[in-house]
Structure formats: structure tokens, C-alpha cells
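Engineer: After the C-alpha cells below, expect a handful of questions from me.
Derivation of every value follows stated rules applied to the coordinates shown; laboratory data play no part. Treat the numbers as computed from the prediction; the structure is a model and nothing was measured. All Cβ positions, glycine included, derive from the backbone under ideal geometry; neighbour counts span all protein chains shown.
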Amino acid sequence: MPTPHISANVGDFAETVIMPGDPLRAKFIADNYLTNVKQVTEVRNMFGYTGEYKGKRISVMGSGMGIPSMSIYATELYRDYGVESIIRVGSCGSIRDDIQLEDIVVAMGASTDSNVNRQRLNNYDFAAIANYELLEKVMSTAKRLGKTPKVGNVFSADLFYVPEFEVFATLEKYGILAVEMEAAGLYGVAAELGKKALCLLTVSDHIKTGEKMSAADRQLKFGEMIEVTLESIL
Ligand code: HPA
């Protein structure tokens with residue numbers, strides 16, 4: 001029974017789906033980390049694959065950019081395909097001196113300027129948080145692999161091109177680690193449907209200093225985050 005945005009059959013997705021924003025990154029993960037891979041959806045070129053990592057069945061699919069795109073795919077995966085856990089693997093911009101390019105950030109919570117969770121909760125504040133079980137597994141796996149991710153609150157922005165840069169100073173003051181564009185939406189959908197979600201990010205650019213990771217470094221550092229994520233699922 002395909003949904004409007006996913007052409008897979010029920011049962012085609014594993015219990016856990018890893019979601020980069022870019023569908024070609026999903027293809028990269030499937031090609032380079034999974035075995036026995038089958039492409040399960042291609043609607044709008046938002047590719048999804050199911051395969052195995054060290055014998056464990058895992059899916060990977062693009063989310064697109066921004067909370068609306070992520071929310072559509074996460075809802076259909078959880079609600080219609082029986083997916084239990086979604087782990088976003090994305091990039092983010094740092095807004096503070098103690099978070100540098102290449103750092104891995106794990107979003108324990110996600111603040112936002114989006115209205116989506118207020119729409120869900122009668123206009124109340126909602127603390128959009130990660131699933132603790134997934135968070136704990138990722139952190140213990142990271143430690144085993146010699147990585148030290150920064151864990152805390154991120155900011156899921158609706159605008160990539162922000163007109164008022166002063167806002168980042170306020171976010172920094174309140175302890176926000178980095179800015180991205182999907183986590184608060186994913187965590188809201190997971191809460192609504194009683195499912196699990198987590199978001200890992202690699203710092204690809206620094207909003208304060210203007211530094212950016214090279215394309216080659218992006219691929220390399222993205223790979224390290226993928227390894228932590230995949231190992232945590234075993
Ligand atoms: N803003 C929002 N999302 C991002 C950024 C950013 O600066 N960098 C990577 N993802």
C-alpha cells in the first residue's frame with residue numbers, strides 16, 4: 001500500500017531508518033555500508049533502500065530539507081510502514097566557539113522557530129526531545145569508537161538564509177549548540193505517533209567565523225557519524 005510520497009510495499013522498510021537530508025547520501029550509505037541492498041522507493045527521487053549492516057536489517061532514506069519535508073516522510077514511515085525508529089544524520093552550522101568544524105553534535109533536544117509543534121499542542125510550548133534509549137546507545141557506541149560527540153539542544157530553523165544574524169547570539173547564550181533544519185519536526189512527529197527518534201549532526205560550517213568544511217572532509221567526517229550510527233543499532 002504505497003503512500004502519496006513513498007512507493008514501497010508494507011514490510012519493505014526495516015524497524016530503523018537512517019535519514020540524511022540528501023537522497024544521494026542515502027544512496028551513498030546504501031552503496032558503501034550495507035549489503036543485500038534493495039531500493040524500495042524513488043518517488044520524487046527521494047530514494048530509500050533496505051539492506052543489512054553486519055547482518056542487521058536497516059533502511060536508509062532521504063528526508064529532504066526542512067521540517068515540512070522531514071515531517072511528511074517521517075509520518076508515512078512511522079504510521080504506514082511500521083517503522084519504530086528514525087535516526088537523522090545531517091549537517092549543522094555551529095554558533096559557538098567551543099563547537100568546531102567536524103565535531104559531531106547529538107540533538108538531545110531541538111528548539112525551533114517553526115510553528116509545527118504548537119499546531120500539535122494547542123499552542124503550548126513542547127520540549128522536542130530525542131528518545132533516550134537511542135541517545136544512550138549512540139553515546140556508548142561513540143565512546144567505544146573513541147569519539148566524543150557534543151550533546152545538547154540544537155535549533156531547527158525554518159530559514160537557511162537568515163535576515164537577522166543577531167538571533168544567533170541569543171541562541172548561543174541559551175546554550176544552543178548548532179543550527180539545522182529538521183530535528184524539531186522529526187521529534188514532534190515521533191511524539192505524536194509514539195515512536196523513537198534521534199538526530200546526529202556533523203558541523204559543516206561555522207556561522208560565527210564563516211569557516212566551511214571542504215567537500216572531501218564532509219564525506220570523510222560524514223562517514224564517521226554514519227559508523228557510530230550504524231554500530232549503535234546492532
Ligand atoms: N543553518 C541551517 N542549517 C544548516 C546550516 C546552517 O547554517 N549549516 C548546515 N545546516
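Engineer: Excluding residues fewer than 8 places away in the same chain, name every one of the lysines whose C-alpha is closer than 17 Å to that of LYS38.
Structural biologist: Reachable lysines: LYS27, LYS54, LYS56.
Engineer: With a 10 Å radius around each residue's Cβ, average the other Cβ atoms per peptide and rank 13-25, 93-105, highest first. Kindly include the intermediate steps, with their values, before the conclusion.
Structural biologist: Working: 13-25: 21.7, 93-105: 18.4.
With the highest mean Cβ count within 10 Å placed first, the list reads 13-25, 93-105.
Engineer: Shifting gears a bit: Given axes a ≥ b ≥ c from the Cα gyration tensor, I'd like to know whether segment 16-232 is rounded (a/c under 1.5), prolate (a/b larger than b/c) or oblate. Don't skip to the end; give the middle numbers.
Structural biologist: Details: a/c = 1.56, a/b = 1.20, b/c = 1.31.
Because a/c hits 1.5 or more and a/b fails to exceed b/c, segment 16-232 counts as oblate.
Engineer: In the structure displayed, which of LYS150/LYS173; LYS143/LYS195; LYS147/LYS195; LYS143/LYS208 lie more than 24 Å apart, Cα to Cα? The partial results should precede the final answer.
Structural biologist: Details: LYS150/LYS173 16 Å; LYS143/LYS195 26 Å; LYS147/LYS195 27 Å; LYS143/LYS208 29 Å.
Result: LYS143/LYS195; LYS147/LYS195; LYS143/LYS208 exceed 24 Å.
Engineer: Picking from ILE58, ILE207, ILE176, which is most flexible by a Gaussian network model of the chain using Cα springs under 10 Å?
Structural biologist: ILE207
Engineer: Among the chymotrypsin sites (Phe, Trp or Tyr not before Pro) within segment 123-194, which fall in a DSSP loop and have no more than 14 other Cβ atoms within 10 Å of their own Cβ? Don't jump to the answer; show the numbers that get you there.
Structural biologist: Working: sites: TYR124, PHE126, TYR132, PHE155, PHE160, TYR161, PHE165, PHE168, TYR174, TYR187; in loops: TYR124, PHE126, PHE160, TYR161, PHE165, TYR174.
Sparse-neighbourhood loop chymotrypsin sites (Phe, Trp or Tyr not before Pro): TYR124, PHE160, TYR161, PHE165, TYR174.
Engineer: I would also like to ask the following. Label points 7 Å out from Cα along the Cβ direction at THR209 and LEU234: separation in nm?
Structural biologist: 3.4 nm
Engineer: Please go through segment 110-176 and write out the GluC sites (Glu not before Pro) that DSSP classes as loop and that have at most 14 other C-beta atoms within 10 Å. Can you show the working numbers first?
Structural biologist: Details: sites: GLU133, GLU136, GLU164, GLU166, GLU172; in loops: GLU164, GLU166.
The qualifying sites are GLU164, GLU166.
Engineer: Mean residue ellipticity at 222 nm from the helices of the chain, using -39,500 (n - 2.57) per DSSP H segment of n ≥ 4 over the full residue count, to the nearest 500 deg cm²/dmol? Walk me through the numbers on the way to the answer.
Structural biologist: Details: 7 runs with 81 residues, N = 234.
Per the formula, -10500 deg cm²/dmol.
Engineer: Hey, another quick one. Would you look at the GNM of the chain, springs on alpha carbons closer than 10 Å, and say which of GLY66, GLY175, GLY51 moves the most?
Structural biologist: Among GLY66, GLY175, GLY51, the largest GNM mean-square fluctuation belongs to GLY175.
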